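Heads up: the structure comes next, in structure tokens.
The values are calculated or read from the model by the stated rules, or taken from the named source; none is laboratory data. Keep in mind that this is a model prediction, so the values were computed, not measured. Reconstructed Cβ throughout: ideal geometry from the backbone, glycine too, with neighbour counts over all protein chains shown.
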Amino acid sequence: MAGIRDTIDTKGRRLPPVSRRSLLVGATAAGGLALAWSVWPRDYRPNLTAAPDEHVFNAFLKIGDDGHISAIVPQCEMGQGVTTLLPQIMADELGADWRTVAVETAPINALYTNTLVVDEDSAAFMPRTGVPDFVADVRSWARREWAVRHAVMLTANSSSVRMFEAPCRDAAAQARALLMMAAARRWDADWQQCDTQDGFVTLGARKLSFGELAAAAALLEPPAEPVYRASSADPLYGKDLTRLDLPAKVDGSANYAGDIRLPDMVYAAIRQGPFGATRLKRIDRKAGLASPGVLSVVEHERWVAAVARNWWAANRALDRFAPEFETGGTPISSDGIDRALAAALKGDGSRIARKGDVEDAMAGRERIAADYLVAPALHAPIETRTATAAPSGDRLRVWVATQAPAQCRDAIARATGLSPAAVTLFPMMAGGSFDACLDHSVAVQAAIIARQVKRPVQLCWSRAEEIMRDMPRAPARAKMTATLNAAGGIDALVARIAVPSTNHEVRARLFDGTPADVAQRDAAGRVDAAAVEGAGGVYAIPHRAVDHCPADIGLPTARWRGNADSYTAFFTECFVDEMAARAGADALSYRMAMLGQAPLLARCLLTATSLGGWEGGLAGTAQGLACHSMRGSHIALMATARASDKGLQVEQLVAVVDAGRLVNPAIARQQVEGGLIFGLAAAVGATTDYEGGLATARKLHQIGLPRLSQTPQILIEFIDSDRDPGGIGEIGVPVVAPAVANAMFAATGRRIRRLPLSAHPL
């Protein structure tokens, strides 16, 4: 496989001139800023803490006198391996010894802005205020400038490597140059003749360790342009290196928000009311405070928290407090959600994308249509939401897992009346998130409780609270309509999708601090292109259109692993399969005929069917296909599934992925495998009904997650590629449900058009 250094000279990357302890936010460091904004201050310096024997080289690297290297990671580690991938990129470019590399979480700083996410998903990750709409619509540099100034350090959209590969490499190249310059001064040599390998600067037979050079090197000025390391005989990039977070996770020493222990700390449990315009009406203070171990109670307009010497006592006390809530309007229910989706689908909708002229192509011709439905999908991480807050005078420290640290800090500041500068946020690893950690309710609640009881508090949501108050991936309903040509191929296709405007909700909650119910009401009826992302597909269909029909379901919704692609791929891939069967064509050849403009995806599909032993998807084969492209990656999946006496049984998943260059193939495999299992969970469960404004489920076993015995054999193959890295974390999710549904048709002859998969059609 071609490595990163085989293509580096074609990229034209350049570092701006920088001082020894700063890294300016510029085209390389933060995605490019516009000269028109040059009057705004843009010199952001690292705010890293260094030990007496450590030296800050730039925003991404510190090196100690003993040779240890601290790689600074600006993304939330939530199982995806980012705390290994970005250090691996830096260590490779630096010429470091992997055994000397450690990782630190980056502090909040504009230097770590994820401008890629803002560019890709500006509808979700940029508020309407601050930049005029007419500018935001046409000038991406305005969005990036706003993101930098607000330190939008988001972990989302499988963007970590895609965004930070270049800045990490440039930072390592800068540090490497400084080390070589320091060595060259000792040797009275030309620094550009030096090299680095295994933690040493070398020149012929001479060598000096990074630790010996760190102090002197950190005082030098780097070259104006990066000098990248030449090809190595033993590169770290592309190698299956052991994850840096693995030993601590295995032996239990890894710290999560729930592992924080502080002097005089107490514990809190919380009870929140139903979704909607809810307020706390009353509690039984006398009975609650008499509960064993209870120290105090904190009442809020929307919730009540019990504080005790341990969490169990606090949670038990909530039953004795017997909180009563009142909610305005019609309570949220599953029936109400279904009616809202059906009504929206019958409405006018807004055309998001078009190709050709579908109206003219369909005029006077037979139209084939199918309806599909997906239920709300819960995040369901193993770690329930937890935060620890410690007040100290007019300052506050908070430990929490968050995918948006600056916005979390700002939300805490707004809720407590403190300035953002008075809030110190310690971003923690997440025990799974799937975008749930874009919500910072638990951090805000912990901060309010700690300020009121005037001592450190650890707030942990119960499993029931986690499920009931989880804002799920939006439910959706789709009507797919097509006309076929004489050969049975799709000539025209219209996808009408009724789904809430989730991304407008997320934006208001994330950046404006808008309460969930208010954000939901404000977003109702607004067009949201991101809500139907992925519906355009990659198939070469002459006439195609995608309509968004905004649905007001009353239930606040959130981003979720795979986001809209997790249901739009289900609609598209199931419908294409139906059209193939109608045409009497093999599902593989039918897809291949429409993939002439998508050679990478076509290759994945051919390879997957070859590895899986595709038998044509005929009746009785129990085989189904699905393919999809998103975030610069491509995947094809062949599933084998049957009906058994225990229900749906998925026997095998064969996936082939083209994700460009792989920093760490083992981690890439883990991510795709995890995405496939996550997608399987969403295919067979991960949902709940709603009644009276609350989820009816209370425990994990009630939401239909697959058990270990139901996990199929999984085979994953990567296409060798030297393309820039694509997203890995989400690509496995969208294809599982349609591939399994199509396999069940081959096994049973019945079409399943709803998620979770059901034996009964709509």
Segment 307-324, residues that are touching a Ser or Thr at 6+ places or on another chain (Cβ under 8 Å) and surrounded by fewer than 21 Cβ atoms within 10 Å (Cβ to Cβ): ALA313, ARG316, ARG320
Taking the stated definitions as given, is VAL442 under 22 Å from ASN47 (Cα atoms) and not assigned by TED's automatic domain parsing to the domain that holds GLU573? no
Please enumerate the residues belonging to segment 382-407 that are within 16 Å of THR687 (Cα to Cα) and either crowded, with 22+ Cβ neighbours inside 10 Å or modelled with pLDDT of 95 or more (or both). none
Quick one: how many residues across segment 130-173 are touching a Leu at 6+ places or on another chain (Cβ under 7 Å), modelled with pLDDT of 95 or more and of a type in the set (Val, Ile, Thr)? 1
Being small (Gly, Ala, Ser), modelled with pLDDT under 95 and within 30 Å of the chain's Cα centre (by Cα) is the requirement here; does ALA254 meet it? yes
Filtering segment 673-718 down to residues that are of a type in the set (Phe, Trp, Tyr) and either touching a Leu at 6+ places or on another chain (Cβ under 7 Å) or outside the structural domain of GLY562 (by TED's automatic domain parsing) (or both) yields TYR690, PHE718
Are any of the residues in segment 496-505 assigned to a loop (DSSP other than H, G, I, E, B) and either surrounded by fewer than 24 Cβ atoms within 10 Å (Cβ to Cβ) or under 26 Å from the mean Cα position of the chain (by Cα) (or both)? yes
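The rows are residues; the columns are (1) touching a Gly at 6+ places or on another chain (Cβ under 9 Å); (2) surrounded by 24 or more Cβ atoms within 10 Å (Cβ to Cβ); (3) among the hydrophobic types (A, V, I, L, M, F, W, C).
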residue: PRO665; (1), (2), (3): yes, no, no
residue: GLU673; (1), (2), (3): yes, no, no
residue: ALA686; (1), (2), (3): yes, yes, yes
residue: SER709; (1), (2), (3): no, no, no
residue: ILE731; (1), (2), (3): yes, yes, yes
residue: VAL735; (1), (2), (3): yes, yes, yes
residue: ARG754; (1), (2), (3): no, no, no
If you go through segment 361-403 one residue at a time, how many are touching a residue at least 24 places away in the same chain (Cβ under 8 Å), farther than 29 Å from LEU705 by Cα and not in a strand (DSSP E or B)? 6
Any residue in segment 330-345 that is surrounded by fewer than 18 Cβ atoms within 10 Å (Cβ to Cβ) and modelled with pLDDT under 95? yes
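When you check ARG261 against the structure, is it of a type in the set (Lys, Arg), surrounded by 21 or more Cβ atoms within 10 Å (Cβ to Cβ) and either farther than 30 Å from LYS249 by Cβ or modelled with pLDDT of 95 or more (or both), yes or no?
no
Can you go through ALA344, ALA313 and tell me which one is assigned to a helix (DSSP H, G or I), small (Gly, Ala, Ser) and more than 23 Å from PHE275 (Cα to Cα)?
So the residue among ALA344, ALA313 that is assigned to a helix (DSSP H, G or I), small (Gly, Ala, Ser) and more than 23 Å from PHE275 (Cα to Cα) is ALA313.
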Please enumerate the residues belonging to segment 460-495 that are out of contact with any strand residue (DSSP E or B) (no Cβ under 9 Å at 6 or more places or on another chain) and either surrounded by 24 or more Cβ atoms within 10 Å (Cβ to Cβ) or acidic (Asp, Glu) (or both). GLU466, MET471
Filter segment 232-254 for residues that are more than 18 Å from SER70 (Cα to Cα) and not charged (D, E, K, R); the one that is surrounded by the fewest Cβ atoms within 10 Å (Cβ to Cβ) is ALA233
A careful count of residues in segment 408-441 that are under 21 Å from VAL103 (Cβ atoms) and either surrounded by 20 or more Cβ atoms within 10 Å (Cβ to Cβ) or modelled with pLDDT of 95 or more (or both) gives 10
Sole exception among (1) within 11 Å of ALA683 (Cβ to Cβ); (2) not in a loop (DSSP other than H, G, I, E, B) for LEU715, by number: (1)
Among (1) out of contact with any strand residue (DSSP E or B) (no Cβ under 6 Å at 6 or more places or on another chain); (2) surrounded by fewer than 19 Cβ atoms within 10 Å (Cβ to Cβ), the one test that GLN452 misses: (1)
Could you say which residue among GLY584, GLY562, GLY554 is crowded, with 23+ Cβ neighbours inside 10 Å and on the phi > 0 side of the Ramachandran plot? GLY562
Test: residue in segment 433-443 that is part of a loop (DSSP other than H, G, I, E, B), without any contact (Cβ under 8 Å) to a residue 24 or more places away in the chain and out of contact with any Leu (no Cβ under 8 Å at 6 or more places or on another chain): no
Considering each of ALA166, ALA147 in turn, give the residue that is of a type in the set (A, V, I, L, M, F, W, C), part of a helix (DSSP H, G or I), surrounded by fewer than 24 Cβ atoms within 10 Å (Cβ to Cβ) and within 23 Å of the chain's Cα centre (by Cα). ALA166
Of the residues in segment 92-117, those that are part of a helix (DSSP H, G or I) and buried (at least 24 other Cβ atoms within 10 Å of the Cβ) come to ASP92, GLU93, LEU94, LEU111, TYR112, THR115, VAL117
Restricting segment 404-424 to residues that are in a helix (DSSP H, G or I) and polar (S, T, N, Q), the residue that is nearest to PRO263 (Cα to Cα): THR416
In this structure, does LEU755 turn out to be closer than 30 Å to ARG271 by Cβ and either not charged (D, E, K, R) or not assigned by TED's automatic domain parsing to the domain that holds SER610 (or both)? no
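Filtering segment 268-288 down to residues that are among the small types (Gly, Ala, Ser) and more than 28 Å from the chain's Cα centre (by Cα), which residue is farthest from ILE553 (Cα to Cα)?
ALA287
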